[in-house]
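Data first, discussion second: the structure below is written as structure tokens.
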Amino acid sequence: LIHFNQNEYLEGDDLQERFGLRGRNMFQLAALHTPIAPGFLIDSATLLNGGLKGLTRNDLQAAVGKIENQTQKTFSQRTRPMLFKVVISPSIQIGSLRSVHTVGINDAVAEGFAKFCGEAFAYQEYRNYLAQLRRRFLGKKEQDFKTITQANPKASDKELCKMFREAVVPDFPQDGYDQLHLVLTSLAEQYLGDEMNEGIESGLMVQMM
């Protein structure tokens, strides 16, 4: 896992092949000491050779811990919460770039997040995240969410999140590291499973939002 921030970066002619276009661009911005949000990258060799089967919780905790120390924010905690976006970073432009935002939000984090950005925005983000994981990674039907929404037209996003969690996605991981592992490995599997991507190097980028 290779970190980047405005003072930490790699240089070289092979960055696009190793880390994809997004990754290369992040290193180039960092080399200019642009104030970018910190994060880390998984290179194409790791992605293509096994689809992140060797990625462990300890790996993620070490990588996230470094960013926590840099930013004084906390991942998967309600106090000064930190959220991530995860982006597939192929080495060439492709039609649709797969990404997942708001990784790390859960019941407790949503409460802490609401203190900084307001309850309406925080729980709208949580609701959208639940729906995204339901559709892309947890194998739930969209109609299950629609049924609850239609049956509770006056419910707030906070109330709907609780209903969704209990009735539709009880298997939604509250632990942020479980979420991050699920998103990274699932995106890797989806990328490798698409024959349109055969022969195209791609990295994975995790960046603080």
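The values are calculated or read from the model by the stated rules, or taken from the named source; none is laboratory data. Since the model is a prediction, treat every value here as computed from it, not as a measurement. FYI the Cβ positions are ideal-geometry reconstructions off the backbone, even for glycines, and counts take in every protein chain you see. Surface accessibility is based on the protein's heavy atoms, side chains included, excluding ligands, DNA and RNA. Shrake-Rupley method; radii C 1.70, N 1.55, O 1.52, S 1.80 Å.
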- Filter region 193-209 for residues that are out of contact with any strand residue (DSSP E or B) (no Cβ under 6 Å at 6 or more places or on another chain) and not hydrophobic (A, V, I, L, M, F, W, C); which is nearest to residue 72 (Cα to Cα)? 201
- Criterion (without any contact (Cβ under 8 Å) to a residue 60 or more places away in the chain and within 21 Å of the chain's Cα centre (by Cα)) met by exactly one of 206, 169, 183: 169
- Residues located in region 136-146, provided they are buried (at least 16 other Cβ atoms within 10 Å of the Cβ) and either out of contact with any strand residue (DSSP E or B) (no Cβ under 9 Å at 6 or more places or on another chain) or among the small types (Gly, Ala, Ser) (or both): 138, 140, 145
- Task: State yes or no: is residue 53 assigned to a helix (DSSP H, G or I) and open to solvent by 50 Å² or more (accessible area, probe 1.4 Å)?
- Result: no
- Of the conditions (1) buried (at least 16 other Cβ atoms within 10 Å of the Cβ); (2) in a helix (DSSP H, G or I); (3) among the small types (Gly, Ala, Ser); (4) modelled with pLDDT under 95, residue 45 fails just one. Which one is it? (1)
- Those residues of region 94-132 that are in contact with a strand residue (DSSP E or B) (Cβ under 6 Å, 6 or more places away or on another chain), open to solvent by less than 60 Å² (accessible area, probe 1.4 Å), assigned to a strand (DSSP E or B) and in contact (Cβ under 8 Å) with a residue 40 or more places away in the chain come to a total of 2
- Extreme residue, nearest to residue 37 (Cα to Cα), among residues of region 2-16 that are surrounded by 16 or more Cβ atoms within 10 Å (Cβ to Cβ) and not polar (S, T, N, Q): 4
- Task: Output the number of the condition that residue 17 fails; it satisfies all remaining conditions of (1) within 16 Å of the chain's Cα centre (by Cα); (2) assigned to a helix (DSSP H, G or I).
- Result: (1)
- Query: When region 56-73 is examined, which residues are found to be part of a loop (DSSP other than H, G, I, E, B) and free of Cβ contacts under 8 Å to residues at least 60 places away in the same chain?
  - Reply: 56, 72
- Item | Residue ID - modelled with the lowest pLDDT, chosen from residues in region 147-189 that are within 24 Å of residue 98 (Cα to Cα), open to solvent by 70 Å² or more (accessible area, probe 1.4 Å) and not in a loop (DSSP other than H, G, I, E, B) | 189
- Query: Which members of region 24-36 meet the condition of being open to solvent by less than 30 Å² (accessible area, probe 1.4 Å) and touching a helix residue (DSSP H, G or I) at 6+ places or on another chain (Cβ under 7 Å)?
  - Reply: 27, 36
